[in-house]
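Here is the structure we will look at, set down as structure tokens.
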């Protein structure tokens, strides 16, 4: 086990009927908030009505800022920062999925910064030193952003999708009501499950320490649970047992516990997937099932230790050492793509993605992912 | 999955060479602290020197308050409160194991309260509404108190060992340096391992929800790890790989994650063990291996569901459904007692313990543990 610091102060309020707490949770931070959301879904499923009623009952004024897109955009983020500053809000309430919360984090940091917000993302050397308090109501589980200090946004001008983390970006409170997931469609449900599984596997595969039984069992246990229940969520969308289990699983998948103590580690699958999303607007989870389907075979070829690790994962998750096949079968069963052609990427596109990955790899701390290496990995995704 | 709130704001600084951070971590809270510790062990193993040097370097004055005993006493706690008030300290630094930290929490709450501190423990209706900030340097892993809001102390007059929890009692920072565990003797090492395992099993066995795969895998994974490494810690006391793995395992065992979402649950094994400790001054972990050895057979007899749950636990932890036998074998292998006679309790003592348990059971929320039932369970511990 290696040295680490773990500090996750986010308060989680979990369960059916908990959305009405957003008002009273917000009051200690501010009486006026920027209310950030996405498209129309929260107006259809009742979450908009529940959250706004709760805020109003608690006497919290809101300035609405909707229109956050999947793979949230820098330009829209800058608009949000401008409104937050102009309206002098004291906190941010984000109501939505990972994209909404990630953009809300960017606005929270940007609204109190002197510099342009993108400088926090592009490794210019600028560090986040403060942020508006953020509270969230989660309506789609996948990214784990509701219980961490990370945010990822896309610069549509430079075609870069980059992330940053800061202790100032942990939400103060996140409300996780599994009934909000009932209206998540089957494809988004699948992508969320793949995203959460990939989060867990990044440190599992790349850790520098080779004796991490606690972290291994933690990862294997949550991956096993997600693979067991994902299809149920698609076939019975209103099965709250499955939805609530997944909701907590996805949060635990990326709240910092899995990699704590494993030494240095990296996120190559996210690096690769982000380039697919940045260039093809591929849904995040879809890009990851394609990436994992090619990255795992490449990883297995690198060493006997890697093969053993894959075997261990397969045994613990599927009771089967044919780990890669089992993951591909699982992706197929939930209809998440496993090949570049599934998202319309031809060989020219493959080369383009590889170049984009290689450009970003140094910013992600893994410069060894050169264009050549990435082409070789991506060819396994065909 | 059932509704829950999870909010654990303790900052964990984990690893070798981290003790020197205590000074800089303390500064934001106060320049004058009550420095709480136990007997002489921290002066022998160098932790006293390291912590005091770090505090001095950071300009933090300390008022020393030593002499905390295993199963910390109310009378000693009251002395600490008096000194904290008289010296007007702004924070508490606890350096030691679970007993030292638990008493430090009691002092932290008592020092800012108008009432006597025992009223927080004896279910008088008094609630903790504030406490001095607490920072800890852990030197013996077992109770998990370094990352939760719980404290247990013993009233030597009433022979009651009672606990209380409060959001105000979470340490601000806990420093976990596994090198401090190297000097923990084999018996205390065993008792710590048993305590951590028992923490995990309480909610596992008593949860009201019957579909909790995430929590099940979490518990099984950590129990498996502890049972795999405990003997190594005894045979190779300076094996830092084993010590560090156990140190984090014990913290995760009782930081609130295992029972989050499992519905209502209780701690019958701790209830029973606490009465043994209160009457016989039995080390906490020793009382728990005796209790579990008798409680699990009783539990198995109550229903087919219970038998299935024990089978599942055995399969995941030992790859064997002879769960109770395997736990007893494990207790033997690490020399933790499994029978009342091992701690000198005869049949009259058994009756006395049962009466004490029944007296406390309503305060623990499990009034069904009557004297008769407890005698019947304790007879299985013979």
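Coordinate-derived values only; no laboratory data. These numbers come from a predicted model, not from an experiment. So basically every Cβ, Gly included, is an ideal-geometry build from the backbone, and we count neighbours across all protein chains shown.
Data for the structure
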{"quantity": "For the protein assembly as shown, share of DSSP beta bridges that run antiparallel, in % to the nearest 5", "calculated": "30"}
{"quantity": "Alpha-carbon Rg with Dmax, taken over the stretch A:11-179, Å", "calculated": "14.5, 43"}
{"quantity": "Residue-averaged beta-carbon neighbours from other chains (10 angstrom radius) around B:5-18", "calculated": "6"}
{"quantity": "Gap separating the Cα centres of the stretch B:316-382 and the stretch A:247-322, nearest whole Å", "calculated": "44"}
{"quantity": "At 7 Å out from Cα toward Cβ: residue B:87 inter-copy label distances (nm, ascending)", "calculated": "5.1"}
{"quantity": "Computed helical MRE - 222 nm, chain B, DSSP H runs ≥ 4 contributing -39500 (n - 2.57), nearest 500", "calculated": "-15500 deg cm²/dmol"}
{"quantity": "0 to 90° range, to nearest 10: angle between helix B:304-318 axis and chain B longest Cα axis", "calculated": "60"}
{"quantity": "For chain B, built as a Gaussian network whose Cα springs stay under 10 Å, the top-fluctuating residue of B:306, B:71, B:150", "calculated": "B:306"}
{"quantity": "Per-residue mean of C-beta atoms belonging to partner chains within 10 Å, peptide B:257-264", "calculated": "2"}
{"quantity": "Antiparallel DSSP beta bridges within the stretch A:11-179, as percent of all bridges there, nearest 5", "calculated": "20"}
{"quantity": "Pairwise centroid distance, computed over Cα atoms, of the stretch B:136-175 with the stretch B:96-122, Å", "calculated": "8"}
{"quantity": "DSSP beta bridge pairing in chain B, given as percent antiparallel to the nearest 5", "calculated": "20"}
{"quantity": "Chain B: angle of helix B:240-253 to the longest principal axis, Cα-based, in degrees nearest 10", "calculated": "80"}
{"quantity": "The stretch B:79-169, Rg to Rh (Cα coordinates; Rh as Kirkwood inverse mean 1/r)", "calculated": "0.93"}
{"quantity": "Per-residue mean of C-beta atoms belonging to partner chains within 10 Å, peptide B:217-224", "calculated": "5"}
{"quantity": "Descending principal axes extents, the protein assembly as shown, alpha-carbon based, whole Å", "calculated": "82, 55, 48"}
{"quantity": "For chain A, built as a Gaussian network whose Cα springs stay under 10 Å, the top-fluctuating residue of A:100, A:27, A:184", "calculated": "A:27"}
{"quantity": "Helix B:347-360 vs. chain B, principal-axis angle (Cα, 0 to 90°, nearest 10)", "calculated": "60"}
{"quantity": "Ranked list, fewest to most other Cβ atoms within 10 Å of each Cβ, for B:209, B:238, B:195", "calculated": "B:238, B:209, B:195"}
{"quantity": "Axis-nearest residue in chain A [Cβ, rotation onto B], distance in whole Å", "calculated": "A:9, 2"}
{"quantity": "Inter-copy spacing of residue A:348 label points, which lie 7 Å from Cα along Cα→Cβ, given in nm from shortest upward", "calculated": "9.6"}
{"quantity": "The stretch A:198-237 residues near the modelled residue A:187 label - backbone nitrogen below 17 Å, point 7 Å along Cα→Cβ", "calculated": "A:234-235"}
{"quantity": "Using a 7 Å Cα-to-Cβ projection, residue A:308 label spacings across copies, nm, ascending", "calculated": "3.7"}
{"quantity": "Whole-number Å³ per residue for the convex hull built on Cα positions in the stretch A:184-379", "calculated": "109"}
{"quantity": "Mean separation of Cα contacts under 8 Å, 6 or more apart, over the residue count of the stretch B:11-179: relative contact order %", "calculated": "29"}
{"quantity": "Two-site label geometry, residue B:321 and residue A:281: point separation in nm, points 7 Å out along Cα→Cβ", "calculated": "5.5"}
{"quantity": "GNM result for chain B, Cα springs below 10 Å: residue of B:190, B:109, B:58 fluctuating most strongly", "calculated": "B:58"}
{"quantity": "With 10 Å bins from 0: P(r) over chain A, alpha-carbon pairs, percent", "calculated": "5, 25, 34, 26, 9, 1, 0"}
